[in-house]
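The values are calculated or read from the model by the stated rules, or taken from the named source; none is laboratory data. Note that the structure is a prediction, hence the values are computed from the model and not measured. Cβ atoms come from the backbone with ideal geometry, glycine included; neighbour counts cover every protein chain shown.
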Amino acid sequence: MAVYTDVSDEELRAFLAAYDLGDILAFKGIAEGVENSNFFLQTSRARFILTLYEKRVRSEDLPFFLGLMEHLAGRGLTCPVPVRARGGQALGELAGRPAVIVTFLEGLAVRRPAPAHCRAVGAALAQLHEAGSDFAMQRPNALSLPAWEPLLARAGNDADRVAPGLTERIRRELDHLQVAWPSRLPPGIVHADLFTDNVFFVGAELSGLIDFYFACTDAFAYDLAICLNAWCFEPDGSYNATKGAAMIGGYESVRRLGPDEVAALPTLARGSALRFLLTRLVDWLNVPPGALVRPKDPLEYDRKLAFHRRVESAREYGWRS
């Protein structure tokens, strides 16, 4: 989450006039994340999150995202649900941006996940994959392999200003993955961005998943690889196989991985690491002036890629079946 677009009091009151949410008690920007402008909204009736869509989110994709959240909630997954205005519409416009209000989820993101957190996330990810199996809409992954070459072109030679030799390392990795990338793995609805700040816990219990604005149709195992990257590395850059085993075990407690998915896991982990390296790199080099946003360090994923290049099998990630 982040704030790129300011909202005046007058604009907010005019927007909320279409809803039955009571009186405004509090409204403030949320600085975490990098994609959209997000605000905490408290009214006399409840607490909500107001999102203005920016940057990579295309207006034509919004019915997919909003419909998916409603669908998953209807299948028992705890996630934000879009709030509809009196006229029945979930999507509006505020400050010149598409905008939506969603329900507020209780809980906190964990900064230092333990194996128990990783196991809970793995199980929730598989539950999401199962719950989305009968969702009628599809959306191609706009940030999969075909998008990585254009992202590298956007960064250009500026990548070497972030770290010496970074352009060449990305180039070699991209050349490898264009040959090695797996096909025909089981696909379906994936979250594609289930980082620690997108999962809430109340105490030791997982209380919900948020931020579905990269959700798409892709390989289930790719979604798991994203989570292994996001949850199972330590601050010193080392991979924690105990956390990896917990996450994979949690996932397989709900949905078993097939042999092709297991074999592809090292390549999928490399690919997901490259995807986040590239998008973080582009964001790092293109922060809008005055934006209330903290771009994430792309070199975190450069270091993770160095680990993945040495991996030979899924067992090194903690797979034990």
Neighbours by Cβ (under 8 Å, 6+ apart or cross-chain): first from region 114-127, within 13 Å of LEU228 (Cβ to Cβ); second of a type in the set (Phe, Trp, Tyr)
CYS118/TRP231; VAL121/TRP231; GLY122/TYR251; LEU125/TYR251
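Conditions (1) in the same structural domain as ARG280 (by TED's automatic domain parsing); (2) surrounded by fewer than 18 Cβ atoms within 10 Å (Cβ to Cβ); (3) in a helix (DSSP H, G or I), marked per residue:
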site	(1), (2), (3)
HIS71	no, no, yes
PRO80	no, no, no
GLY88	no, yes, no
ARG119	yes, no, yes
ALA123	yes, no, yes
GLN138	yes, yes, no
ALA147	yes, yes, yes
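Table: residues versus (1) out of contact with any Asp or Glu (no Cβ under 9 Å at 6 or more places or on another chain); (2) within 25 Å of GLN127 (Cα to Cα); (3) modelled with pLDDT of 95 or more; (4) small (Gly, Ala, Ser).
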{"site": "TYR19", "(1), (2), (3), (4)": "yes, no, yes, no"}
{"site": "LEU25", "(1), (2), (3), (4)": "yes, no, yes, no"}
{"site": "ILE30", "(1), (2), (3), (4)": "yes, no, no, no"}
{"site": "VAL34", "(1), (2), (3), (4)": "no, no, no, no"}
{"site": "TYR53", "(1), (2), (3), (4)": "no, no, no, no"}
{"site": "LEU66", "(1), (2), (3), (4)": "yes, yes, yes, no"}
{"site": "GLY76", "(1), (2), (3), (4)": "yes, yes, yes, yes"}
Residue check: is ASP160 touching a residue at least 40 places away in the same chain (Cβ under 8 Å) and either surrounded by fewer than 16 Cβ atoms within 10 Å (Cβ to Cβ) or in a helix (DSSP H, G or I) (or both)?
no
Let me confirm something: among PHE65, PHE104, which residue is surrounded by fewer than 20 Cβ atoms within 10 Å (Cβ to Cβ), aromatic (Phe, Trp, Tyr) and touching a residue at least 40 places away in the same chain (Cβ under 8 Å)?
PHE104
Output yes when any residue across region 258-279 is over 21 Å from SER144 (Cα atoms), touching a Leu at 6+ places or on another chain (Cβ under 9 Å) and not in a helix (DSSP H, G or I), and no when none is.
yes
